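> Could you have a look at this structure, given as structure tokens, before my questions?
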Amino acid sequence: MTQRGPAEFTPPPECPVFEPSWEEFADPFAFINKIRPIAEKTGICKVRPPPDWQPPFACDVDRLHFTPRIQRLNELEAQTRVKLNFLDQIAKFWELQGCTLKIPHVERKILDLYQLNRLVAEEGGFDLVCRERRWTKIAMTMGFAPGKAVGSHLRAHYERVLYPYHLFHSGTNLLVSLTYKYDVNDKDKEYKPHDLLQRQNIHVQPCDMSAPARRAKRMKTEVNVNTLTHTPLKWVDLYVCLVCGKGNDEDRLLLCDGCDDSYHTFCLIPPLSDVPKGDWRCPKCLAQECSKPQEAFGFEQACRDYSLKSFGEMADSFKSDYFNMPVHMVPTELVEKEFWRLVGTIEEDVTVEYGADIASKEFGSGFPIKGGKFKVAPHDEKYLQCGWNLNNMAMMTPSVLTHITADICGMTLPWLYVGMCFSSFCWHIEDHWSYSINYLHWGEPKTWYGAPGFAAEQLEAVMKKLAPELFESQPDLLHQLVTIMNPNTLMAHGVPIYRTNQCAGEFVITFPRSYHSGFNQGFNFAEAVNFCTVDWMPLGRQCVDHYRLLHRYCVFSHDEMVCNMAMKAGSLDVVLASAVQKDMRVMIKEERELRDKVRKMGVVQCELFEYDLLADDERQCVKCRTTCYLSALTCPCRPGVQVCLHHAHDLCSCPVSNYTLNYRFTLDDLYPMMNAVQQRAESYDEWAARVTEVMEAKLDKKRNVTVFRALLGESDEKSFPENDLLRQLRLVTQDAEKCSSVAQRLLNGGGNSPNQLTVEEMRSFVRQLYNLPCSLTQINEAQFISKHIEDFQQHSEKLLSDEVSADSVSEIESLLEEGSQFDVFLPELPLLRERLEQTRWLTGVQQAEDLVSNPCGLSLDSMRRLIDRGVGLTPHPSTERTMARLQELLTISEEMEEKAQALLKARWGGQPPESLETLSSMLTQIDGVPAYLPNCLLLQDTVNRAKEWLQEAEDLQVGGQTLVLSSLSDMVLRAHAIPVRLEPLDQLEVLVSEVQAWKESAAKTFLIKNSPFTLFEVLCPRWEVGSSLKKKMRKINEKLLFLIHSLSLLQMFTLAEVRLKEQESLCSLRAANESKLLPTADCAALRVCVCQKPPMGAMLQCELCRDAFHSVCVRGPSDPLDPEAWLCPLCLRSTKPSLDKIQTLLSSLQRIRVRLPEGDALRYMIERAGSWQRRAREVIDSYDHSLTSQDCRRASPTLSHRTTGHKRKVRHYITDCYCIYVPGLSSELEELMVEGLLLQVSLPETQQLYRLLLSGPPTTNTSHTEHAPYLTPEHSSPQREARSARLCMHHFF
């Protein structure tokens, strides 16, 4: 067992996805407020606009140039970065001593030095672990199997690599120089530092001297010293070892590259055997270099500038190369798992680039804007004013950011984001804990992860716990957008995380203080902006206080925004005015306390200062970096510097009396501003007074409920803020409407309401009607219904106390009908229904047992239904007797059914089926059971089918006729469907298996490996000739249709007719292919080969179809110099076995004595081959043997000049194989050769005839038709030879 690898990433649950209707989509802020109670529980949500909402892409693509950020994936993840920082420190420690860090391997896996160092520290340190022998425990904790002495290896590696570093940091002995004793092991991996420290501006003092140069430096320094001091002292006495105090053995005296202190190599502990290569630092300099503080981690900018097109090409190339497939075919799940694997490993360094935070103001937004350079089509003008246009959203009236005077890029002005695969945005919350909305214009998806706002502090605590080293040097790390952590890790520590994939055309909304992160699946273009609603106001002030603790700058002044809103109190929305009033009350209270505090400190100078005229970076507190607005302290000793009143003691060391309190408003100015907002918020006082009046009205002064509805309508119209009075009015109105609805329902009757009142609740309801603050018209009618219900109850109680009688059925039904008219729950109604059900059930049993109305008798389902209904009845002697009788009949019937079912399912249950006699005996037991038993009826049908099958099998064997495979297969299939043991079945199955075995043997004999043809297709002549091989291979489903088509054709025509059709089609195809290969044809427009491209270069010509093929597209002849007929992949349909093998196959089929289509086709093939063989032999015998012998020698591979004569030359290509010159042949010889090549049989006459025809036309003494002279090298003209030479040279170059 080796160390456990990182667990595979498990995707978090999905966040909510909303699909608003057009009505909901019309007002974005109303829709967001509607979904907020659901979406803020997950922190993020996705919104899919209506399908027809498709804004045009308006960004100026030609002007868009940007420099992306460089992201090294394994440096993003917090825990991985901690490991890399640790390894870089170890590597630097050894590098400064002239050694290279190599990470050891344990159990064939790279050792995690960071984990080993942490576990040893947790166990008490190296000495304690060794003393108490805890190395085995540490090895098991790291995932190694016990019993393999891994602990001793871990101890050795720790002692050699980490222990010196630990001693150095503990300061045990700074004068002890530790060396890296390393046993050479090829398996150990040399660690290449990530240079995190150097990339963060931590530079190690440069030193470019090797060991000899170090000695030369020392000698040169001594000469200079002697020259300056003019002393007679020897130079060796000036440079002495700081350990032994001597200057002898100068060749072993090391000079520190940092401070020029000297040490003997043998005085170091432990001593050095050789002078270190490269830089060497003494223990003191080593301590100085390694103790330098870390700078804040951040992203680097790329070295080149990209356009959108060049970045997209780079991004697509990276993704397709990385996953080795087209970018659109890579699953999002695969990219997600691979991303989290890469960020968590230190062994793989993958670097990507991200075009983030690109100002839309400079290059234009992706959305169209008024006055922009993008010309909007008339039908797209609606998107200019659309609230979901991100250029409009931040500054719409419901967003409080409209009261910020400055344009803030990324917050009130959208930012653009151009992503590539794996480029990521790290865990962060939006500035000022605001909302954010992101729209993906186009491209591949963007994967998001989010945590709800209430879990923000929990997420921060987990990250600080798991990576404390990062937060020690960078307390506001999570505000820098440079750190991520695996969502699985956060979820394992209890942080709720949700995810989503944002596709093109979708919005993702993040809610206040909701941490979110994610990465891009590939090349895409997104746009984002912030907005703030009224509910954000208290969170905004809380965020400013949080920033003050972190010493983080503010994007805008919250106090300034509130004051701007207060100065516009008359035009503020009432709800917003209420929120501003509350915020101002908190602001003024805090400001009054702070000013009192600085006054008590002794600050007496005050000055009015308009801070809103300064830029934000010119009015920041020098201590906490918050943006000052209401007030600040300054001192003449530090011009241009101020502190907020929270940090009055951090301005300077001057006396407090020198300080000046700069203020924007006096407290007397602030209170009227708050009062103006308050007056706006209290504009509904008159309305509130009228509400109080109608709520407190008594008896005859009560108003109708319509008055209450009107008051509520007025509050909605004027957008009054939510308060207790409004809630009480709404509650009273709702109660009155409910009471009115209930009263009306009682008056309407029907008794169909799901929430009926009880009788007691009815009485209480009548009393409640009198106690309502408003008057209802249904009070008197409700009182009358209450009295009527009491009369019904008395009548029902009297009837239920009497004995059960058939005469009482009509009376019961009458009472039930009367009671159902009341929309009140009456306890007597269930009792009346029970009595009625008892009578109806007994009637139902009698009707089911009546053979006149039900001739089939009781079915099992009917018995069960009756029993089930009877079980639910109230116990009664008459129903209990009937139940017992039904239960007994049901038991007997079920037993019979189970036996019949077991007999029927014997074959499919893996058990041998029962005999026909067993099933027949079972049928005799069923007779007499007065019930409808379907399995028993099925058993009867099975016995009948078995008898019919046996009779059919017997007739088949007695007849002595040749069996047909289809009939045999049909009988076997039908036998398998009969769950009875049938004796002849085994013989028929053996016969069918023999036929199948024969077909498999024939297929192996004929079919080529991976052949697209079936055995039947190969054995039969082709109905169609010349179809494309690629088309046949691609359209696999057409293969079945082709087979069905062939079978139907064979039914319509005989094999001989199909053969004639094959030859006719092939003749036409050959003529067409020969004509298109004539030198006069247009070569560029010519389409040949399986690739359907123009001929070019070396070509092959098929002897059968006469088409040309590129030698690189198809497999050529095994020996190009051997004159054998070459067939293209379409014409070569089988392996063409010998005639002896085929005759053996036919003999074996005849022994089986079963007829099948393949056998008929094979028999016809043998007959056709024999006929052709005889005709071919006659032609061969008619040749002039002397001429034939001479031509065969010319066809021999030893005669190189023969190649030129038999290779066809056509324009820009030459055929690279032997080919018969068709114009020199008679039609009879051509048809004979074609038929021989069509035969799927290997005959010696085929090759003999081919070689003879290849040599030239026959010279015979017979009366055959004269053949055209064959063009040989001897017959070629000089011009033709020159042309062939030119074509060959063209092909060569």
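The values are calculated or read from the model by the stated rules, or taken from the named source; none is laboratory data. Being a predicted model, the structure only gives us computed values, none of them experimental. These accessible areas exclude ligands, DNA and RNA; they are computed on the full protein's heavy atoms, side chains included. Shrake-Rupley method; radii C 1.70, N 1.55, O 1.52, S 1.80 Å.
> Need one word for region 919-1021: rounded, prolate or oblate. Basis is the Cα gyration tensor (sqrt eigenvalues a ≥ b ≥ c); a/c below 1.5 gives rounded, then a/b vs b/c decides.
Taking the square roots of the gyration eigenvalues as a ≥ b ≥ c, region 919-1021 is prolate.
> Also, I was wondering about something else. With a ≥ b ≥ c taken as the square roots of the eigenvalues of the C-alpha gyration tensor of region 1094-1167, please select rounded if a/c is under 1.5 and otherwise prolate if a/b is larger than b/c or oblate if it is not?
prolate
> Quick check: with the 1.4 Å probe, what order do Tyr449, Tyr770, Tyr671 take by accessible area, largest first?
Correct descending sequence by accessible area is Tyr770, Tyr671, Tyr449.
> If you roll a 1.4 Å probe over region 585-636 with all protein chains in place, what percent of the accessible area is carbon or sulfur?
Accessible surface attributable to carbon and sulfur in region 585-636 totals 49 percent.
> Would you check the accessible area of Val809, probe 1.4 Å, heavy atoms only, in square angstrom rounded to 10?
Here the accessible area works out near 40 Å².
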